[in-house]
Each structure stands twice: as structure tokens, then as C-alpha cells.
Amino acid sequence: MSTSTTGAAAPKAVSGPLNFIDDRLGSTTFFRRNMKKVFPDHWSFMLGEIALYSFIILLLTGTFLTLWFQPSMHEVVYEGSYTKLNGVKMSEAYASTLHISFDVRGGLLMRQMHHWAAILFMIAIVVHMLRVFFTGAYRKPRELNWLIGIGLFTLGMVEGLFGYSLPDDLLSGTGLRITQGVAESIPVVGTYLYMFLFGGEFPHGTNGEIIPRLFTLHVLLIPGIILALVTAHMMIMWHQKHTQMPGPGRTNDNVVGYPFYPVFMAKTGAYFLFTFGVIALLATFAQINPIWLFGPYDPGAISAGSQPDWYMGVLEGSLRIMPNWETTAFGHTISWNVLVPALGPLGIIFTGAALWPFIEQWVTGDKRWHHTVERPRNAPVRTGVGMAAVTFYGMLWLAGGNDVIAEKFHVSLFATTWFFRFAVFIGPVLAYIITKRICLGLQRSDAATMHHGVEAGVIIMSPEGGFSEKHEPANEQERAVILSKENRTPALPATEKDGIPAPGSKGPLGHLRARLHRYWAIDDIPVEAHDDHHEAEEVEEGKSGRKELTH
Amino acid sequence: MSDNNLGSNEPMEPGDAAHARNQSPKRVIGTPEQGGRLLATAESEPAPHGAGAELDEAAAKRAERIVALFFLLAALGSVGFIAAYVWSGQQGPNGMHGIEDARASNYALGVAMTVAMLAMAIGVTIWVRRLMTSKQIVQQRGPLRSDEETRAEFEAAFLEGAGDSAVTKRPLLRRTLLLAAAPLGLAPLVLLRDLGPLPEKRLRHTFWGPAVTEAKKHGKQGVRLVVDGAPTQALKVSDFATPGSMITVLPEGIEESHHALNEIAKAVTILINVPADKFKPVKGRENWHVGGIVAYSKICTHVGCPAALYEQTTHHILCPCHQSTFDATDGAKVIFGPAARPLPQLPLSVDKEGYLIATDDFPEPIGPSFWERG
């Protein structure tokens, strides 16, 4: 095989194996086509990579832990090197976790890396999803990858919950107890689910079923599904080519960037090492989940300030601020106080996120392929809705720590609860309004930049003695980014030929669609290139007055 | 204004940017840099020194040495990791031993691993930025959608295949196949039935019930209370005479029961000595307390955390998980938080020898609500 355009032969050590594979698979065609694949650069494109590499680290450290961990609820009396718990009755799961931490060399490091990697995995997924959402990168043709992403986040939550339940310490047992309570609240089948999950009653079931079951789900089933989905996610991304940020020379039909081989390959390799290094650093110096301090699970004990891992905080917060509503009728009970917070908020967020690309398409009527991402300011409704969702999630998440907030800031615990009960509804509305205003302000700023140029930082004194700042046209980079905005006109083709209403605009749904369509673009500020650059100081339009506010 | 050379549609070379910047009027300190305000500027030059440009050989040599230095550091880190591992094994008879050794070992191994990873990462990064000469390239995106012809051909082939297979023409075949497939999908679900027992009445009773029955069989009035953690020590009224105190109790003999942990998880109870002047017995439960000593289920009626905090001054019982708050003086009724129902109360009495006893099970199911609870 030839690896170079100059005709120089590749060394035998390289060409030998490649030829061997090519003779059997024809793989060189694939390699040749893909080795120079362009990967556009932007810092925000690395967020997904953090998630990917954290996942790899999770697989590596997790495998290490399974070599010593005993997923068993069999009761033992601890006699080991953590002398403070000597003589204490505990499950084998807990005892083996102590063993990994204190007797296996590198065990504590691997445990802490595993936990930190899990936390980083979930953070990276969330931030990556926010990037994709706010830049509209989920738009056609990438809806499938968006849905896979939501699936991965959901699975990650479950995987994390099961994972930190395994050591069978006081904190994880409390998490399982809450899981049991939530399962029981489900109408009709709740108690059956509970019995089937635990193999009987909490916590020990008939024969200590729950820990082995969670173990299998945690190390085999869920990671298997995650791995499959990650693979699909990557393959789709590879096939569709990554989106790019707007810039000079970048269009919807091209990809500008550095080739996969060697630049991107080396960069992403370095990035894996950075992720690994940072997780190792955290695991070295930042203690996490010190289960030996919590003690083994005891159904009658609890510690104040119990907090789950961050990604479960939103459920915790919802449970905390829900009013205590319960209905009993016809011999049956429905616990709205558990059911609503357990299923409601995440249901709204996940279902909303999954449907959003299709709702947006329906509203805007935009069925085109998008390969260049949109700046958040240029889609104020989307950005506003996104910020509303972030606020909703954020308020619930903060409510999950209301006891900590109450303690640290010396406010009444009940006051924090009441605050969040309102904030969770008012916050998103405010966030939407404010975000939309900021977006429109930024659009005006862009329009002004195109119209008047940017401040040069040069102050000019006029013959009359007045001072003014010189403006210059924006540079090409800036112009390309600003002009990537697609100016919107709020009009759906309401009528087809001969005045017949278009099929999509009839009926109440059609009217709703028309209204939303109008709303989507109603306050769009047109941004256009002005080839004749007038000096800003000469022009005193209404727009330049408003421009001041936006900086 | 006239000195700008911008406005072309060609991709900007990094050199051009520098050129344009040099020609603009001098910037006044404290004012925004021209063009430096937008987020997208940095990305046009991700590999500024190497990319596409002729490398300055002296600079490249310097960069190479720096990269090599980092790679050596990474190698040292890895060797250090192995050394730290061996060193960790020197301490106890079977390797590490205890919390101090574990901590020291964690630091040594973690620092070595961090150095190895980060040094290598930094080395590769400098390598990419200073030494790689790949040019930025532009690739066209092809349409993702197959063309109409391909679609039409596929459709035709699909219909032809369906026709050839006779599945469209022979409904009996089709329907019986569906009939065959449906139970095949359901059958494996049946296998999950033995995951656990049916709920039956399990959630309605606690070990207090059978324990009281057993005690009454032996001619006693009820079962004695033992302190959680001291299963042999039955509690006397005189042991618990200080108003304002709270302890966790269990029925005597629960440790020896079948599935003790499950029984404890349901039967765990808090005993509170409410000052007699503050105590307001619930109607019909006037004789369920012993001079203000009252017992409630410890399992929160919200989602089942132990309601373990007791505030002496306000007589509030607080669940630390979700802050449901109950009034100990008033039948543990809910004062605040997400719990809907009071903590179930255990009927207490005192036997002839002065021991606290429970005379019956909780009158209602303890813990979180469920569909069949009613």
C-alpha cells in the first residue's frame, strides 16, 4: 500500500500489517478515504470528548474494582486493617469495598478515579448537550444523535445510582430505601415492582438479592447498552461529519479544519491523557465517597446532610419541595407527593428535549440540512427555552441541597423550601424573558457592528473640540461570524396557489403552528452587510442609541 | 478607514490576520482590541506555528527538545508509579495495612500517575502546535440523502422481494406468523415472575405484631422494648425518665427473627419522652403513652428514610432526607415537608416489673404509601 503522495514507500512494519488486513478486508479503501477526514476545531467540540474518555476510564477502573469486589449481602464480621470497624457486622459487599480501599494497592486510587470519572462523565454529557442545544447542532440531519445523547444521559443516571448503591454503606442504603419508597408510590404495580426488585422486602429480600442484581446491571447490562449507543453516536457523527462554527470560507456545504491523521488524532489522544490525568489528580487529592466514615448500612440509622451524587440532585430536590399531597379513594392510595416529583420534572425535561428538534421543525417549517451551527443569539426563542430549562433543572437541583443552604446561610429550612416551591416556576419564566432580551440585544449589537463597525479605541478630536471614537469595519472573521445569521421573516406560506390554505395551517393545530411560527421570528433584528461604511459618529439613528445598552 | 484590506471571501490565512492587525491604528490601553471580542477568532489558527507554514528549524529544534523533556517526565512518572506500588507493599505483612498506609500509597501512586498522564498530554499538545505541518483543509459535504433513482430502485426491489416471498399474497401465512411471534415475545417475561414474592400483606405488618402475640401467649401483656444496638437490654420506664430524650428501639427478640434485617427495617421505632404538660394524646389513644413516653415508627411516611432527628425544644421529629417534620406532642402529625401522613404510633404500656412494653402492632402500615394501602 502507498501511504504517501510523494511515492516514498511506507516502512515494512507499517505496510506489512496493513497489507495483511487489506488483503482480507479491503480496508485500505476505507483508511484512504477517511485518514484525512476533516475535524473542525472549536473549544466547545471537546466537551463530548470528555464524556467519551471518562467513559473509557470508567470501564478500565471499573474492571479493576470487579476483581476484588464481592457483590454479596451475606453478613460478615469485619476483621481487617481498618481497625475502627473491627468486630462490626456488615455485608460482604461493604467489607470487600473496605478491603479494596485499605488492603489492595492502588485500590483506593481506582475507587476514587471510578467515582470521579462517573461525576465527570455526567457533567460532560450535560455540558455537551447544552452546547448542542444552544447552537442548534441537533437540527436536521442530527436528530438521531440528539436522541441517542438523551438516552445516554438517562442511562448514565441509572448506572450511577446503581453504582453508588453497591458498596452497601449507610449512604447507599439510604439511596436504595428512597428508591424503594419511589417504587411503592407507582400506582397499581408499585408494590409488585418493589418486591420484584428487592426479591422480597427491603433491604435483604429473600436471600440478599438486591446487591448482586444491581451489580449485574451495573457492570454488564447498562454499560453494554451505553457502549453500543456511544459507538452508534460516534459512527453517526463520523458519517455525517461534525458541524462547524461559522467563519470565513465556511459554508453549509463544506468542512474546514485539520485532518484526522495526524493532527486530530494527536490532539484527541492528548485530550484523553489530559482527562485521565485530571481524574487521577482528583482521585489523589480530593477524597470522594469515603464509605468507611459512613459505616455499613443500618436501616435505623441516617446521617444529616445526606446528599446523593450531583446528577441525582434534581430528583432529590423535587422530592423535597413537593407539597404533601396524597389521595385515598376506593381503597387505593396515590402518593402525588412522591409520584409527581419522581416522574414529573425529569419527564418534562427528557421528553421536552427529545421532542424539541421536531417541535422546532414543525414551528419553523425548516426541513433543510444544517451543518453550520447557529449562534445562540440568532435563535432567541430556542435560547430562551433552553435557559428556562436550565433554570428549572438548576432550581430543583439547588433545592436538593436546601438543608445545606439553610445551614450555611443561616436561613430557615422551611423558608428555603418555600422559596424553591415558587422559584421553580417563576425562575424559568424570568430566565426565558431575560435570555430572549439579551439575545435580541446582541442581535442589535451585531447589526450595529455591521452598520457602523467596531470601536477602534482611537479618539478623534474634531476641529470644534468634540471628542469621538473612530469606528472601523469589523475584520473578516468577525464579519463572517456575524453574517452567518439568517434573517427571519415571520410569515408561513399560509396559502397555496389560488388562495387555498396550505394543508398545515388549517384547524386549531394549524392556527397554533402559524402563531408559533410568527412568534419564533417576530422580533428578529435583521443583520446585513453594509458595503458603504459610514462613520458611526455621523449617524444618529435610533438603533445606535439602543446599541449602547447591549454592550 | 481606507486602509482596510478585508472583505474578501477567501479563507483567511493566519498571516493575514497579523498583517491586518499591524496596519490598524494603535489601540488605546483599556479599549477593546479590534476583532478580539468574538468567540470565534481563536479557532482560525489552532496550530498557528506549525500549520502549513515553513518551520523555523531552530524553533522547531527547541520545540522538539521541550516535547522530549515532557515525554521523559512522563516516563519518569510511569517508573515512579511502579516504584510507588512496590513501596506500598513494604509496609504491612500482606502489603498495605490500614488507613495511614492507604493514604500515603494513594498519594504516591496518584501523583505518579497524574505526572505520567499530564506530562505526556502536554508533550503531545506542544508537538501538535509547534511541529506538525499539516495544512488546514476544506472538504465538501456530499448530500446525505440517497438520490431519487436509488430510492426508486430500492423500493422496486423491496416490493419485488415481498411479492416473491408470497407474504403479500398469502394472508394465512402472514397472520399465523404474527400469532406465532406474539407469545414468543411474551414467554420470556414470565421468567421474571420469580424475581420476588407477591406483596400480599407484607407491607401491613411489622415484627411488633407477632412479637406481641408471642408474648401474650406466655401470659405477658406485651413485648418489651430493647434499644437498637443493645438487643439484650430491655428498657424500663425508669431508664428513660429524662423528658426531652429520644432513642431508637426494637421489639425484643427481633435479632433472632427470620430475615432480621428486613424486620428491623420495618419495626424500627423511636421512643420519645415528651414532657407531660406538652403532651396531647390523640383521641382514642389516651392510654398509648406512659407518662409522656410515646413511640412512633422511625420510617418516614414520605419515602422511608429514618426520621432520626429530634428537636428537644420544639418537640419536632425531622427526617433528614427530605425534611418532613412531625410534631411529637400531637400524634406525630405532619407540620411541614412532603410527607402526607403522621408517623404511625405504637401503643405503649408498662408491665408489672416496670418494663416498657408494646401492647400491639402499629395500627396502620408503616413507611411510604402504596397503591393497596387504602
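The values are calculated or read from the model by the stated rules, or taken from the named source; none is laboratory data. These figures come from a predicted structure and were not determined experimentally. Note that we place each Cβ from the backbone using ideal geometry, even for glycine, and neighbour counts take in every protein chain shown.
From A:V127, A:V76, grab the single residue that is over 18 Å from B:R103 (Cα atoms), of a type in the set (A, V, I, L, M, F, W, C), without any contact (Cβ under 8 Å) to a residue 24 or more places away in the chain and touching a helix residue (DSSP H, G or I) at 6+ places or on another chain (Cβ under 8 Å).
A:V76
Just give me the residues in segment B:141-178 being under 50 Å from the mean Cα position of the chain (by Cα) and either surrounded by fewer than 10 Cβ atoms within 10 Å (Cβ to Cβ) or among the basic types (K, R) (or both), in sequence order.
Result: B:R141, B:G142, B:P143, B:R145, B:D147, B:E148, B:R151, B:R174, B:R175, B:L178.
Among the residues of segment B:321-342, what is the count of those that are within 14 Å of chain A (Cβ to nearest Cβ), part of a loop (DSSP other than H, G, I, E, B) and over 15 Å from B:M246 (Cα atoms)?
10
Can you tell me which of B:L346, B:L318 is touching a residue at least 24 places away in the same chain (Cβ under 8 Å), more than 7 Å from chain A (Cβ to nearest Cβ) and either in contact with a helix residue (DSSP H, G or I) (Cβ under 7 Å, 6 or more places away or on another chain) or not polar (S, T, N, Q) (or both)?
After applying the criteria, what remains is B:L346.
Looking only at residues in segment A:439-449 that are within 19 Å of A:E478 (Cβ to Cβ) and hydrophobic (A, V, I, L, M, F, W, C), which one is nearest to the chain's Cα centre (by Cα)?
Ranking the qualifying residues of segment A:439-449, first place goes to A:C439.
Can you give me the number of residues within segment A:327-344 that are within 23 Å of A:D403 (Cβ to Cβ) and assigned to a loop (DSSP other than H, G, I, E, B)?
1
Which pairs turn up if I take residues in segment A:163-189 that are in contact (Cβ under 8 Å) with a residue 24 or more places away in the chain and look for partners that are of a type in the set (D, E) with beta carbon separation below 8 Å, at least 6 apart in sequence or on another chain?
These pairs meet every condition: A:Y164/A:D309; A:L170/A:D298; A:G173/A:D298.
Looking at B:E364 and the list (1) in contact with a Pro (Cβ under 6 Å, 6 or more places away or on another chain); (2) crowded, with 21+ Cβ neighbours inside 10 Å; (3) more than 22 Å from A:A301 (Cα to Cα); (4) not β-branched (V, I, T), which single condition is not satisfied?
(2)
If you take the residues of segment A:408-423 that are touching a residue at least 40 places away in the same chain (Cβ under 8 Å) and either farther than 21 Å from A:D309 by Cβ or among the charged types (D, E, K, R) (or both), which of them is surrounded by the fewest Cβ atoms within 10 Å (Cβ to Cβ)?
The extreme case among them is A:R421.
How many residues are charged (D, E, K, R), assigned to a helix (DSSP H, G or I) and within 30 Å of B:I357 (Cβ to Cβ) if we restrict to segment B:164-214?
Residues that pass the stated criteria total 3.
In segment A:245-263, what residues are crowded, with 21+ Cβ neighbours inside 10 Å and either among the hydrophobic types (A, V, I, L, M, F, W, C) or more than 9 Å from chain B (Cβ to nearest Cβ) (or both)?
A:M245, A:V255, A:V256, A:V263
Which residue, of B:L195, B:L235, is buried (at least 17 other Cβ atoms within 10 Å of the Cβ) and touching a strand residue (DSSP E or B) at 6+ places or on another chain (Cβ under 8 Å)?
Only one candidate passes the filter, namely B:L235.
Quick one: in segment B:97-119, which of the residues that are surrounded by fewer than 20 Cβ atoms within 10 Å (Cβ to Cβ), facing chain A (nearest Cβ under 7 Å) and modelled with pLDDT of 90 or more is nearest to B:G77 (Cα to Cα)?
In this case the residue turns out to be B:V111.
Being surrounded by 15 or more Cβ atoms within 10 Å (Cβ to Cβ), of a type in the set (S, T, Y) and within 28 Å of the chain's Cα centre (by Cα): is that true of A:S318 here?
yes
Before we move on, is B:L203 within 14 Å of chain A (Cβ to nearest Cβ) and either among the polar types (S, T, N, Q) or touching a residue at least 40 places away in the same chain (Cβ under 8 Å) (or both)?
Yes.
Within segment A:299-315, restricting attention to residues that are surrounded by 19 or more Cβ atoms within 10 Å (Cβ to Cβ) and at the interface with another protein chain (Cβ under 8 Å from one of its Cβ atoms), which residue is nearest to the chain's Cα centre (by Cα)?
Going through the qualifying residues, I end up with A:I302.
Output the number of residues of segment A:14-49 satisfying the condition of being outside any helix (DSSP H, G or I), over 20 Å from A:R131 (Cα atoms) and not small (G, A, S).
Residues in segment A:14-49 being outside any helix (DSSP H, G or I), over 20 Å from A:R131 (Cα atoms) and not small (G, A, S): 4 in total.
Could you figure out which of (1) surrounded by fewer than 22 Cβ atoms within 10 Å (Cβ to Cβ); (2) in contact with a Phe, Trp or Tyr (Cβ under 9 Å, 6 or more places away or on another chain); (3) assigned to a helix (DSSP H, G or I) isn't true of A:V188?
Of everything listed in (1) surrounded by fewer than 22 Cβ atoms within 10 Å (Cβ to Cβ); (2) in contact with a Phe, Trp or Tyr (Cβ under 9 Å, 6 or more places away or on another chain); (3) assigned to a helix (DSSP H, G or I), A:V188 misses just condition (3).
Is it the case that segment A:126-137 has a residue that's within 27 Å of the chain's Cα centre (by Cα), among the basic types (K, R) and farther than 30 Å from B:V86 by Cα?
Checking segment A:126-137: at least one residue is within 27 Å of the chain's Cα centre (by Cα), among the basic types (K, R) and farther than 30 Å from B:V86 by Cα.
Give me the residue from segment A:472-503 that is among the small types (G, A, S) and either in contact with a helix residue (DSSP H, G or I) (Cβ under 6 Å, 6 or more places away or on another chain) or at pLDDT 85 or above (or both) and, out of that set, nearest to A:R375 (Cα to Cα).
A:S484
Of all residues in segment A:338-366, how many are in contact (Cβ under 8 Å) with a residue 40 or more places away in the chain and either in contact with a strand residue (DSSP E or B) (Cβ under 8 Å, 6 or more places away or on another chain) or at the interface with another protein chain (Cβ under 10 Å from one of its Cβ atoms) (or both)?
Going through segment A:338-366 one residue at a time, the tally reaches 3.
With A:H452, A:H511, A:H517 as the choices, which residue is at pLDDT 85 or above and touching a strand residue (DSSP E or B) at 6+ places or on another chain (Cβ under 7 Å)?
Checking each option against the conditions leaves just A:H452.
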